[in-house]
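Structure record follows, encoded as structure tokens.
The values are calculated or read from the model by the stated rules, or taken from the named source; none is laboratory data. These numbers were taken from a predicted model, which means no experiment stands behind them. Glycine also receives a Cβ, built like all others from the backbone with ideal geometry; neighbour counts cover every protein chain displayed. SASA here: full protein model, heavy atoms, side chains in, ligands and nucleic acids out. Shrake-Rupley method; radii C 1.70, N 1.55, O 1.52, S 1.80 Å.
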Amino acid sequence: MESGEKGRRRLCRILGVVAVLLLVVILALVLGLTLGQKAPTFKATFIAKCKAFNASMVHEDDCEKLWGVFEQAYVGRDPCEVPMEAYDPLIAAVPFKLECKRMMFWSKSKDVVHEFTKKGDCFLTLENTLLGSVLDGLTWCGKKGSSETFTTSCPGWDDCVNNPVRSFWNRVSAAFADAACGDVSAMLNGSIATPFNPTSVFASIEVKRFKYPRVKSLNVVLVTQANSVTNCTNASLKDLQKELDQGITYNCKEVSEARLEECSSNKTIPCGACW
Ligand code: N1C
């Protein structure tokens, strides 16, 4: 009698242990799957955006190849030790072929400039190029001793200078500015006190790369709102003029955001006639 009771208790104990073990295995599997998905997810996003950019221009294999060149820049490295030169092979793999007169630069005006460029095909920003469109809005980094791409716990823009995202934008912006020629446009934000900020990518990288006579003029479009604090006489814009290579003509025009919206929606306004 007693031994039957003992046997049952033993069975219960064994069943309990088995149940706990099963739970642990299931948990490990689920965790393993979700953690393991992290890297393929970023890669999948990269490939999908690459293919979507211009299906006719970009061959499927090209996107796979490009991914390989891209990840070489930061994978296995300390995420604060990725200099902009790390992206040199990527830039060499995707040369910019652009039309001089249509290039549009910007600073602190990302939403309004893209709202404007996406409607018509007057101007091209870096986000209208393959690399710009694939990586816009993404965060990535590597880790020493790992071959993975991480999308969380990566250093922020100002956490360290040589982080993978900041170095990418610095390098690709430099290449974009090197490709600029003829009459170049830049949309700056008239709602802030310093539309030409020396720490911005536009001021610290792009403007310095505009060289006369390749670049003939820089046309600033200062986007204003009803209560804008800044106009074309702003002190930072004087600094911009001083920065320009001798020979490049400088122009500045205040254009209200409402007027830009009107130009975006009204197709009868010809290209470049908004200001
Ligand atoms: O620092 P910014 O502006 O002056 O940089 C904008 C300038 C543009 O002319 C672009 O050619 O530099 C290029 N550029 C991008 O195209 C771009 N797309 C997305 C620079 N940065 C870019 N980003 C992200 O915006 C980037 O991650 C960084 O954090 C911001 C910089 O925007 P900003 O300060 O308004």
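Under the condition of being more than 11 Å from the ligand (Cβ to nearest atom) and in contact with an Asp or Glu (Cβ under 7 Å, 6 or more places away or on another chain), the residues counted in segment 154-185 number 1. Whether a residue is assigned to a loop (DSSP other than H, G, I, E, B), crowded, with 17+ Cβ neighbours inside 10 Å and either under 17 Å from the mean Cα position of the chain (by Cα) or modelled with pLDDT under 95 (or both) was assessed, and Val82 passes this test. Note on segment 244-273: among residues that are more than 19 Å from Ser191 (Cα to Cα) and in contact (Cβ under 8 Å) with a residue 60 or more places away in the chain, the one that is farthest from the chain's Cα centre (by Cα) is Lys267. Residues in segment 111-121 that are within 11 Å of the ligand (Cβ to nearest atom), over 14 Å from the mean Cα position of the chain (by Cα) and of a type in the set (Asp, Glu): none.
The combined condition, being within 14 Å of the ligand (Cβ to nearest atom) and open to solvent by 70 Å² or more (accessible area, probe 1.4 Å), is fulfilled by Thr199. With the condition kept exactly as written, say whether any residue in segment 111-121 is part of a helix (DSSP H, G or I), touching a residue at least 12 places away in the same chain (Cβ under 8 Å), touching a helix residue (DSSP H, G or I) at 6+ places or on another chain (Cβ under 7 Å) and open to solvent by 50 Å² or more (accessible area, probe 1.4 Å). The answer is yes; a qualifying residue exists. For segment 122-147, a residue qualifies if it is surrounded by fewer than 22 Cβ atoms within 10 Å (Cβ to Cβ), under 16 Å from the mean Cα position of the chain (by Cα) and under 18 Å from Ser264 (Cβ atoms), and the qualifying residues are Leu124, Glu127, Asn128.
Ile192 fails exactly one of the following numbered conditions: (1) closer than 30 Å to Cys154 by Cβ; (2) of a type in the set (Val, Ile, Thr); (3) surrounded by 19 or more Cβ atoms within 10 Å (Cβ to Cβ). What is the number of that condition? The number of the failed condition is (3).
I'd like to check something: does segment 124-134 contain any residue that is within 14 Å of the ligand (Cβ to nearest atom), more than 22 Å from Ile192 (Cβ to Cβ), touching a Cys at 6+ places or on another chain (Cβ under 8 Å) and not small (Gly, Ala, Ser)? Yes, segment 124-134 contains a residue that is within 14 Å of the ligand (Cβ to nearest atom), more than 22 Å from Ile192 (Cβ to Cβ), touching a Cys at 6+ places or on another chain (Cβ under 8 Å) and not small (Gly, Ala, Ser). Listed by first and then second residue, the pairs linking a residue in segment 188-203 that is in a loop (DSSP other than H, G, I, E, B) to a residue that is open to solvent by 30 Å² or more (accessible area, probe 1.4 Å) and of a type in the set (A, V, I, L, M, F, W, C), with Cβ atoms under 8 Å apart and 6 or more places separating them unless they lie on different chains, are Gly190/Val229; Ser191/Val229; Ile192/Val229; Ala193/Val229. Checking each residue in segment 1-46 for being under 30 Å from the mean Cα position of the chain (by Cα), modelled with pLDDT of 65 or more and β-branched (Val, Ile, Thr) picks out Thr41, Thr45. Take the residues in segment 85-110 that are within 13 Å of the ligand (Cβ to nearest atom) and among the hydroxyl-bearing types (Ser, Thr, Tyr), then tell me which one is surrounded by the fewest Cβ atoms within 10 Å (Cβ to Cβ). So the residue we want is Ser107.
Inspection of segment 226-239 identifies no residue that is open to solvent by less than 20 Å² (accessible area, probe 1.4 Å), touching a Lys or Arg at 6+ places or on another chain (Cβ under 9 Å) and outside any loop (DSSP other than H, G, I, E, B). Residues that are under 16 Å from Trp106 (Cβ atoms), out of contact with any Ser or Thr (no Cβ under 9 Å at 6 or more places or on another chain) and among the acidic types (Asp, Glu): does segment 172-180 have at least one? Within segment 172-180 (the criterion being under 16 Å from Trp106 (Cβ atoms), out of contact with any Ser or Thr (no Cβ under 9 Å at 6 or more places or on another chain) and among the acidic types (Asp, Glu)), the answer is no, since none of the residues qualifies.
In contact (Cβ under 8 Å) with a residue 24 or more places away in the chain and among the acidic types (Asp, Glu), is that true of Asp158?
no
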